[in-house]
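Encoded as structure tokens, the structure appears first; notes follow it.
The values are calculated or read from the model by the stated rules, or taken from the named source; none is laboratory data. Owing to the predicted nature of the structure, the values given are computational and were not obtained by experimental measurement. Cβ sites come from the backbone with ideal geometry, for glycine too, and all protein chains shown count toward neighbours.
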Amino acid sequence: MEQLSLLEIRDGVRAKKFTAVEVAQHFLDRISKHDKAINSFVTINDRALEEAKAFDQAGDFSGSLAGVPIAVKDLLCTDGLKTTACSKMLANYIPPYDASVVTRLKKAGAIVLGKTSLDEFAMGSSNENSFFGPVKNPWNHDFVPGGSSGGSAAALAARLAPGAIGTDTGGSIRQPASFCGVFGIKPTYGRVSRYGIISFASSLDQAGPMARTTKDCAIMLEAMSGKCKNDSTTSNEAVPQWSTKIRQDLKGVRIGLPREYFSESIDADVTKATLEAITALKARGAMTVEINLPLVKHAVSIYYLIATSEASSNLARYDGVRFGYRSEKAPDSLDDFYASNRGEAFGSEVKRRIMLGTYALSSGYYDAYYSKAGQVRRLLRDEFLEAFETCDVILSPVATTPAFKIGSRISNPLEMYLNDIFTTSTNLAGLPGMSVPVRFSSTGLPIGVQLMATHFNEQSIFDVSAALEEDFRAGEKAPHGI
Ligand code: GLN
């Protein structure tokens, strides 16, 4: 059953080939058998079987995710189920409500299997910053699964769930999807509600689906999207049924190739994957257009100013009074009390970001850093919009390399940040972006390509993704021993 797509599982439940309880049990058994080796789940939903049973008994299989078990990144609040952001700060936090995205998925019939690991507060690109220990890449346990949604990506690759939720502030859905050989889309900013998602950088954060086929991603995104009264940044834009409109033929589709994205020092296997994807799309009638995005070279700098500034503000609420861990130490003063609570509970990457962000926002530096970054961000967005006048989808690598070895970059934050060079600009511009598995490196690690489109044009991304899926079938292969 674990090889079935999410859609096939849903259809099987509808056709009464298996019950939601049988499906949930199957995946829970797989988690207990395989997850010790990869550490992708941090909490299992003890009520999953009960919820599946209630679903079977209610007998309404009309939901688009009827009886489908899913894994949820541990950054999304789940009612009565521990939500930690993989931080000591929230290690015992049990939310009294579901994030809107979770509510919507459950309403469509999904059963939450459990919560998946991430870099603490979603800050990282390797899942090594989790309070619960690193996640292993199912393709090779010496390698990272990517981050920050590394748990969701690894769980999918290991066939521990047919669908998962990730979040993406600067690449956290797309980069782990690429490293683990699965599909993942960060939708247009405003497509999906952020209500109940632990905030990292509010102007960049979006949740999105991760799965093993294009259509599965589309179906999940249909269920997740739309206006939410609890998040004023959600859009009124209609939510199309992307999954039913995926076109077979790419005749006339214009694929933009940004000169800047191909001039960086890119791993040979990644270049090969990107070029092969371009050739395949051309063979299907798509045409390529060269485009220029000169400001993209500043994207990482802008991103690490804006994301850290917003994070320093968002994370101020974890003071041990209103939220979060409280130190055992008897405080000498109020300042000492806050310092102990925060000092003991935040990991070093989170502290680094809070300090960077606080500095960028401090008076005297605000105009030079935060304001300036905001201005260049606007210009970058305009540059993308201009590019989309001449093309429908932009294609690029997701990351400069395939998955890297655990421990190889963690002591060099700058090297880790530079890993986000191809992904951060879509968040800054609010655009949708997807990672699509294409091929494997010479050492057997998966590699994806990134597809981007203009605001609210997820359809074009799904069209191109489906074509690449059919041509390369890279998502079908399972890691050894799985
Ligand atoms: N890797 C990026 C960072 O560390 C992106 C994280 C994310 O998208 N949540 O900030």
What pairs can you find where one residue is in region 424-442 and without any contact (Cβ under 8 Å) to a residue 12 or more places away in the chain and within 28 Å of Tyr304 (Cβ to Cβ), the other is part of a loop (DSSP other than H, G, I, E, B) and of a type in the set (Val, Ile, Thr), and their Cβ atoms are less than 7 Å apart, with a gap of 6+ or different chains?
-> none
Hey, Val350 within 21 Å of Ser130 (Cβ to Cβ), buried (at least 18 other Cβ atoms within 10 Å of the Cβ) and within 13 Å of the ligand (Cβ to nearest atom) or not | yes
Condition test on Lys115, is it of a type outside the set (S, T, N, Q), buried (at least 22 other Cβ atoms within 10 Å of the Cβ) and touching a residue at least 60 places away in the same chain (Cβ under 8 Å)?
-> yes
Of these, Phe179, Phe200, which one is in a loop (DSSP other than H, G, I, E, B), within 13 Å of the ligand (Cβ to nearest atom) and in contact with a strand residue (DSSP E or B) (Cβ under 9 Å, 6 or more places away or on another chain)?
-> Phe200
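Picking from Ala24, Ala15, which residue would you name as being of a type in the set (Gly, Ala, Ser) and farther than 30 Å from Asn92 by Cα?
It is Ala15.
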Only residues that are away from the ligand (no atom under 16 Å from the Cβ), in contact with a strand residue (DSSP E or B) (Cβ under 9 Å, 6 or more places away or on another chain), assigned to a loop (DSSP other than H, G, I, E, B) and not charged (D, E, K, R): list them for region 132-154, please.
-> Phe132, Trp139
Scanning region 426-440 for residues that are assigned to a strand (DSSP E or B) and either among the hydroxyl-bearing types (Ser, Thr, Tyr) or surrounded by 24 or more Cβ atoms within 10 Å (Cβ to Cβ) (or both), which turns out farthest from the chain's Cα centre (by Cα)?
-> Val438
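Given Ile255, Ile219, which one is buried (at least 17 other Cβ atoms within 10 Å of the Cβ), closer than 24 Å to Glu2 by Cβ and at pLDDT 95 or above?
Residue meeting the stated conditions: Ile219.
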Matching entry among Leu356, Leu293 (being out of contact with any strand residue (DSSP E or B) (no Cβ under 6 Å at 6 or more places or on another chain) and either surrounded by 15 or more Cβ atoms within 10 Å (Cβ to Cβ) or not hydroxyl-bearing (Ser, Thr, Tyr) (or both)) = Leu356
What pairs come up if the first residue lies in region 298-317 and is modelled with pLDDT of 95 or more and within 11 Å of the ligand (Cβ to nearest atom), the second is part of a helix (DSSP H, G or I) and among the charged types (D, E, K, R), and their beta carbons are under 8 Å apart, counting only those six or more places apart or on different chains?
-> Ile306/Arg377; Ala307/Arg353; Thr308/Arg353; Ala311/Arg353
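Return the only residue of Leu250, Leu160 being crowded, with 23+ Cβ neighbours inside 10 Å and over 19 Å from the mean Cα position of the chain (by Cα).
Just one listed residue meets the conditions, Leu250.
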Being in a helix (DSSP H, G or I) and in contact with a Phe, Trp or Tyr (Cβ under 8 Å, 6 or more places away or on another chain) is the filter; apply it to region 408-425 and report the residue that is surrounded by the most Cβ atoms within 10 Å (Cβ to Cβ).
-> Ser425
Only one of Glu415, Glu469 that is over 16 Å from the mean Cα position of the chain (by Cα) and within 16 Å of the ligand (Cβ to nearest atom) | Glu415
In region 233-281, which residues are farther than 23 Å from Gln459 by Cα and acidic (Asp, Glu)?
-> Glu260, Glu264, Asp267, Asp269
Within region 155-174, can you find the residues that are more than 13 Å from Ile70 (Cα to Cα), of a type in the set (Gly, Ala, Ser) and within 16 Å of the ligand (Cβ to nearest atom)?
-> Gly170, Gly171, Ser172
Verdict on Thr390 being of a type in the set (Val, Ile, Thr) and within 14 Å of the ligand (Cβ to nearest atom) | no
